[in-house]
Ligand SMILES: [Zn+2]
């Protein structure tokens, strides 16, 4: 916090004051003397483009493919295990019989 001189009434006022308390002159000079605060504000960017249907499809295709692959793998594994169980049951039946 520093003191600055009002250009109108030459009064010593705080540089944080938005206006001179003596004459009411807006202290724009005080705000301009802090360029870091203005530089910290990022420049306005262009609004994000909305994803088109093709972009969404491109994102979803690998996921769908992975899900389909997983289901197929599970079904194949389940089918193999089921056939093995059937064969073992048949073999045990033969052995017992
Ligand atoms: Zn003043």
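Read-outs throughout are calculated quantities, based only on the coordinates presented, and are distinct from any laboratory measurement. Keep in mind that this is a model prediction, so the values were computed, not measured. All Cβ positions, even for glycine, are placed from backbone atoms using ideal geometry, and neighbour counts span all protein chains on display.
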Q | Likely footprinting exposure, 48, 28, fewest C-beta neighbours within 10 Å first | A | 48, 28
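Just subtract the alpha-carbon distance of residue 5 and residue 94 from 0.36 nm times their residue separation and send over the number in nm, one decimal.
On the way: separation 89, 0.36 × 89 = 32.04 nm, distance 10.83 nm.
Here the answer is 21.2 nm.
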